[in-house]
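Scroll down for the structure; my scribbles are underneath it.
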Amino acid sequence: MTDAPERITLEEWDVQYEKLRRAGMRQPQYGGPLSRHVEDGDHRLRKLRYDNSAAALRLWNFLLTEEDRLREARSAGKKIVGTMKDLGTVPVMAYCFDNVAAFYPDGAWWIPCVMELSDGLLEVADSLGIDESFCPVRAMLGAFVTGAHFPIPDMLICSVGATCDDLSAIAQRLNGLGHPIFWWEMPHRRCPEQDEPAVILPGGIAAPKCQVEFVKSELERVKAALEELAGERLDEEKLSAGISQANRVRQYLAELRYLAFTAEPCPIPALEMLIAEMLAIHFCSDRRETIAVLGELLEEVRGRVNAGLGVLDADAARIFWVNPVADLQVMNLLEDCGGRVCGTEYLFTHALDMIPQDVPPLEALARCALADPMAGSSIDRAERICADVRRFGAEAVLISRIPGASHCALEGQVISEIVAETLDVPVLEIEVPPVTDSMSPTLRTRIEALVETVRARRRATQGIRSDR
Ligand code: SF4
């Protein structure tokens with residue numbers, strides 16, 4: 001543990017950086033002060049609050065240097081694969097090859113936020129007919145056209161079928177612009193019929209065995225395409241070794257999530273946890289370093305929990321968060337309003353659940369892919385959320401809608417109704433665009449009201465107990 005934990009501004013990080021450096025902090029080759037990223041155009045960093053540990057610094061620097069890492073991989077002769085939509089399955093396979101680096105071009109989702117709209121990516125998407133009726137993933141289209149962010153991949157792989165309309169439409173537009181895509185199909189996950197052979201997927205949902213077999217056959221095609229690109233065969237042994245490494249990431253995250261969501265006081269801010277969780281999807285273009293970054297963060301958090309230290313007041317309202325936020329600053333806002341995150345469902349629980357290691361590796365990946373919350377009904381999603389709300393002891397649920405997202409218009413309402421009926425906890429829905437500055441007072445008022453509702457319910461419960 002490096003210091004008394006607290007949330008600090010970017011300016012304060014400059015001071016903290018010098019202090020840690022003088023104290024002998026060891027940094028990776030991509031290390032350095034956080035504020036240098038503002039010079040690259042990441043203006044939003046000036047408005048965020050950060051955890052003050054060396055482990056958090058490493059996490060942020062790792063995240064903010066991904067584009068450099070991809071360019072270095074290309075210079076070193078590696079093939080670059082852009083994987084889209086499946087969130088966590090194809091990269092597990094891609095990182096089994098020695099000469100492949102994979103990333104999600106969908107991650108451009110956050111560029112308009114991080115660069116505070118100065119990048120012009122949304123305008124480029126507008127000019128191509130992909131306007132604000134689509135979710136912020138349309139920034140990806142702008143990033144391909146400008147070529148100013150990530151290297152154009154040697155191969156693009158995208159799942160279609162039971163996925164959102166936004167990404168399917170944008171990926172088709174991309175294909176039409178001369179970026180050929182290898183498509184693979186994800187069926188809509190359904191409940192097994194009575195007496196139909198079924199499989200329990202990671203996360204506990206049952207699916208028909210024939211659907212798992214279908215996804216497996218699709219992943220066979222993906223594997224063959226990757227083998228051709230890499231010029232290397234991917235046998236079961238190599239794939240199993242890759243799954244073991246992916247499970248190390250998931251194991252670290254499982255412990256991190258448990259400690260972050262249950263320890264009193266909260267040992268690590270929500271923003272750093274959001275970034276840490278995202279690493280499960282794509283390893284930020286370096287799987288080995290992901291394991292090291294998460295290992296250091298976990299060590300920091302364990303140290304804080306053992307010492308009874310945290311970054312927030314012990315009585316912070318315990319909020320379960322649904323959907324990723326387009327504006328990262330909103331994770332800070334929840335904490336500024338007196339809340340803390342106790343459980344998350346950022347649309348990729350299937351990238352956090354352990355990959356089975358007692359079945360053939362491709363079948364294991366197929367089971368994970370089919371467990372994608374987007375591939376099934378909103379009811380499945382809501383039931384998983386209810387189970388996790390109970391598990392982490394959250395006192396309220398906050399659903400952050402994504403503007404334009406084709407799965408959100410009614411999904412938020414379905415989740416909200418099921419959670420309210422099942423758990424009797426307050427639910428708040430907010431919409432979070434890439435930059436929330438103009439609506440920050442409204443968001444603050446609504447989140448403060450949720451926090452106050454949680455506190456009032458606590459007081460009422462304590463009153464009932466003391467009356468007994
Ligand atoms: S609609 Fe939802 S799932 Fe689809 S790309 Fe946008 S945020 Fe992601």
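Of everything in region 277-296, what is among the charged types (D, E, K, R) and either farther than 15 Å from I355 by Cβ or open to solvent by less than 10 Å² (accessible area, probe 1.4 Å) (or both)? Give them in sequence order. Give the steps one after another, and end with the answer.
Let us first name the residues in region 277-296 that are among the charged types (D, E, K, R), namely 277, 286-289, 296.
Passing the criteria: E277, D286, R288, E289, E296.
Inside region 47-99, counting only helices (runs of 4 or more DSSP H) that do not spill past its ends, which hold 2 or more residues that are more than 19 Å from the chain's Cα centre (by Cα) and of a type outside the set (A, V, I, L, M, F, W, C)? Give the derivation first.
Working: elements: 54-64, 66-75, 90-94.
Fully inside region 47-99 and qualifying: 66-75.
Tell me which helices (runs of 4 or more DSSP H) are completely within region 117-195 and hold 2 or more residues being farther than 27 Å from P373 by Cβ, or say none if there are none. Talk me through it step by step, then tell me what you get.
Working: elements: 121-127, 139-146, 165-176.
Those helices (runs of 4 or more DSSP H) span 121-127, 139-146.
Scan region 439-468 and report the pairs whose first residue is touching a residue at least 60 places away in the same chain (Cβ under 8 Å) and whose second residue is among the small types (G, A, S) and open to solvent by less than 80 Å² (accessible area, probe 1.4 Å), with Cβ atoms within less than 7 Å and a gap of 6+ or a chain change.
I447/G339; L450/A396; V451/A317; V451/G338; V451/G339; V454/A317; V454/A396; R455/A317
Please go through (1) farther than 19 Å from P324 by Cβ; (2) open to solvent by 30 Å² or more (accessible area, probe 1.4 Å); (3) within 16 Å of the ligand (Cβ to nearest atom); (4) not polar (S, T, N, Q) for L156 and return the number of the only condition it doesn't satisfy.
It is condition (2) that L156 fails.
Kindly provide the set of residues from region 396-428 that are among the charged types (D, E, K, R) and within 15 Å of the ligand (Cβ to nearest atom), ordered by number.
The answer is R401, E411.
Can we say R138 is within 21 Å of R44 (Cα to Cα), within 14 Å of the ligand (Cβ to nearest atom) and open to solvent by 10 Å² or more (accessible area, probe 1.4 Å)?
yes
I'm checking my understanding of the structure. Among residues of region 415-457 that are over 18 Å from K47 (Cβ atoms) and polar (S, T, N, Q), which one is surrounded by the fewest Cβ atoms within 10 Å (Cβ to Cβ)?
T445
If you scan region 159-205, which residues turn out to be within 20 Å of T89 (Cα to Cα), among the charged types (D, E, K, R) and more than 16 Å from the ligand (Cβ to nearest atom)?
Residues satisfying the conditions are E185, R190.
Report, by residue number, each residue of region 297-340 that is open to solvent by 20 Å² or more (accessible area, probe 1.4 Å) and of a type in the set (D, E).
E299, D313, D315, D336
On the basis of being within 30 Å of K238 (Cα to Cα), touching a residue at least 60 places away in the same chain (Cβ under 8 Å) and either away from the ligand (no atom under 15 Å from the Cβ) or open to solvent by less than 30 Å² (accessible area, probe 1.4 Å) (or both), does Q357 make the cut? Explain how you work it out, then say what you get.
Details: within 30 Å of K238 (Cα to Cα): yes; touching a residue at least 60 places away in the same chain (Cβ under 8 Å): yes; either away from the ligand (no atom under 15 Å from the Cβ) or open to solvent by less than 30 Å² (accessible area, probe 1.4 Å) (or both): yes.
So Q357 passes the test.
Can R36 be described as closer than 30 Å to L229 by Cα, open to solvent by 10 Å² or more (accessible area, probe 1.4 Å), assigned to a helix (DSSP H, G or I) and not small (G, A, S)? Give the derivation first.
Details: closer than 30 Å to L229 by Cα: no; open to solvent by 10 Å² or more (accessible area, probe 1.4 Å): yes; assigned to a helix (DSSP H, G or I): yes; not small (G, A, S): yes.
Taking the combined requirement at face value, the residue does not satisfy it.
Can you find, within region 198-238, the residue that is farthest from E383 (Cα to Cα) among those that are in contact with a helix residue (DSSP H, G or I) (Cβ under 6 Å, 6 or more places away or on another chain) and open to solvent by 80 Å² or more (accessible area, probe 1.4 Å)?
Step by step, filter region 198-238, then rank; the result is R233.
The values are calculated or read from the model by the stated rules, or taken from the named source; none is laboratory data. Everything numeric in this text was worked out from a predicted model, so none of it was measured. Counting neighbours? That spans all protein chains shown, and the Cβs are built from the backbone with ideal geometry, glycine included. Keep in mind that these areas ignore ligands, DNA and RNA; they rest on the heavy atoms of the full protein, side chains included. Shrake-Rupley method; radii C 1.70, N 1.55, O 1.52, S 1.80 Å.
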